[in-house]
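Undergrad: To start, I am sharing the structure in question, which I have written as structure tokens.
The values are calculated or read from the model by the stated rules, or taken from the named source; none is laboratory data. Owing to the predicted nature of the structure, the values given are computational and were not obtained by experimental measurement. All Cβ positions, glycine included, derive from the backbone under ideal geometry; neighbour counts span all protein chains shown. SASA here: full protein model, heavy atoms, side chains in, ligands and nucleic acids out. Shrake-Rupley method; radii C 1.70, N 1.55, O 1.52, S 1.80 Å.
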Amino acid sequence: MDVVGDMARALVLRTNQVRLREEMDQLAVEISTGYVKDPARHLDGDLTGLQAIDRSLARLDAFRVATTEATFLTSSMQTTLDEIQSRSETVSQTLIAAELTPNGPLLATMSEDAENALGQILNGLNRNVAGRFLFSGTATDRRAVQGVDLVLNDARAALAGATTLTDVETVLDTFFGAGGAYETVTYEGSNTGLAPMQLSDTETANVDIRATDPVFREVLKPLVMATLATDSTLGFSQDVQVEMLAKAGRDLLGAQQNVVELRASLGALEARVEETNTRNAAERTATGMARLDLVGTDQYEAASRYESIRGQLESLYAITVRSQRLSLAEFL
């Protein structure tokens, strides 16, 4: 019995099995990923070009995250601004008509309508999407403004003693002006705006719209005036109530132009973000193709090679089994 010969044959078979299995594993990776398993070997050790391409792809991935976030933020803000414009414009048309039908119940209804609009707009400024408040600056973890009841309580206290439309306008100008109660008490966000987002090597997006923006103050001030016009604790005469409601309607209508301009500016930013995203995507596609040229593999050829090696491995396995059986027969 040639024990040494049997051991040598078994070793050869085992070595070939290991080699074929390793090659199969490598081909399986190349088939599934489309890239060679060992780039260094494929490129004869020169990885300079591949590393430069991978850095570019990593940079473009970071830009893709930034453009996605910018698109999300601007779209959500645009939705809020649309709601603010629509609701305030509707209310303004109602309030302007106060002078035409000056009777107590109707004036009270107008104030109630203004209060509902005020609450909706404040809720819009407190919009929270994906766990972040849109109009709070860098304080994305807390709401931008207080609720409608607190705002009205503060404004009501400030208006105590006012008796004429001029008095009311003076108080509310101070309330909503720089350093006033709206800025220091009502607003609960940060006074620091969001940092510009880097969309590409040359493009940034500044998505800094806070609830303290003058556009919002110009909408909120007439709504507060209209809401408190018929407030019983303030005791305005009916003539002053009519003046307040009508003036609030005119001011609210006048504020629409600034809302439209803010929306237009935001829309231009949305378009620029989209254009940058398109350019980045094209660059990423081109860079990905360059990487494929460097270390890509022919998946059809790899699959054919995989099947061929699998056939060889099955044949080798059959030979191994038959050889072991013959050796056992000889031993017996």
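Undergrad: What's the number of the condition Val219 fails, among (1) closer than 27 Å to Glu115 by Cβ; (2) open to solvent by 10 Å² or more (accessible area, probe 1.4 Å)?
TA: In the conditions (1) closer than 27 Å to Glu115 by Cβ; (2) open to solvent by 10 Å² or more (accessible area, probe 1.4 Å), Val219 misses (2) alone.
Residues checked against (1) modelled with pLDDT under 95; (2) in contact with a strand residue (DSSP E or B) (Cβ under 9 Å, 6 or more places away or on another chain); (3) buried (at least 20 other Cβ atoms within 10 Å of the Cβ); (4) not basic (Lys, Arg):
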| site | (1), (2), (3), (4) |
| --- | --- |
| Ser136 | no, yes, yes, yes |
| Ala144 | no, yes, yes, yes |
| Asn153 | no, no, no, yes |
| Asp167 | no, no, no, yes |
| Gly177 | no, no, no, yes |
| Tyr187 | no, yes, yes, yes |
| Gly193 | yes, no, no, yes |
| Met197 | yes, yes, no, yes |
| Ala226 | no, no, yes, yes |
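Undergrad: Would you please list the contacts, defined by Cβ atoms under 6 Å and residues six or more apart or on different chains, that run from a residue in the stretch 95-122 that is closer than 15 Å to Lys221 by Cα to a residue that is among the basic types (Lys, Arg)?
TA: Taking only residues 6 or more apart or on different chains, the pairs are Ala117/Arg87; Gln120/Arg87.
Undergrad: Let me ask something else. Within the group Met244, Met289, which residue is buried (at least 22 other Cβ atoms within 10 Å of the Cβ) and not small (Gly, Ala, Ser)?
TA: None of the other options fit; the residue is Met244.
Undergrad: Also: Which of the residues belonging to the stretch 51-86 are of a type outside the set (S, T, N, Q), over 13 Å from the mean Cα position of the chain (by Cα), open to solvent by less than 60 Å² (accessible area, probe 1.4 Å) and at pLDDT 95 or above?
TA: Within the stretch 51-86, Leu81, Ile84 qualify.
Undergrad: OK, next. Yes or no: Gly249 open to solvent by 10 Å² or more (accessible area, probe 1.4 Å) and either farther than 23 Å from Leu73 by Cβ or modelled with pLDDT under 95 (or both)?
TA: no
Undergrad: Here's a follow-up. Would you confirm whether any residue within the stretch 84-97 is over 16 Å from Ala255 (Cα atoms) and in contact with a helix residue (DSSP H, G or I) (Cβ under 6 Å, 6 or more places away or on another chain)?
TA: No.
Undergrad: Further question on the same structure: Inside the stretch 91-106, can you point out the residues that are aliphatic (A, V, I, L, M) and surrounded by fewer than 22 Cβ atoms within 10 Å (Cβ to Cβ)?
TA: Matches in the stretch 91-106: Ile96, Ala97, Leu100, Leu106.
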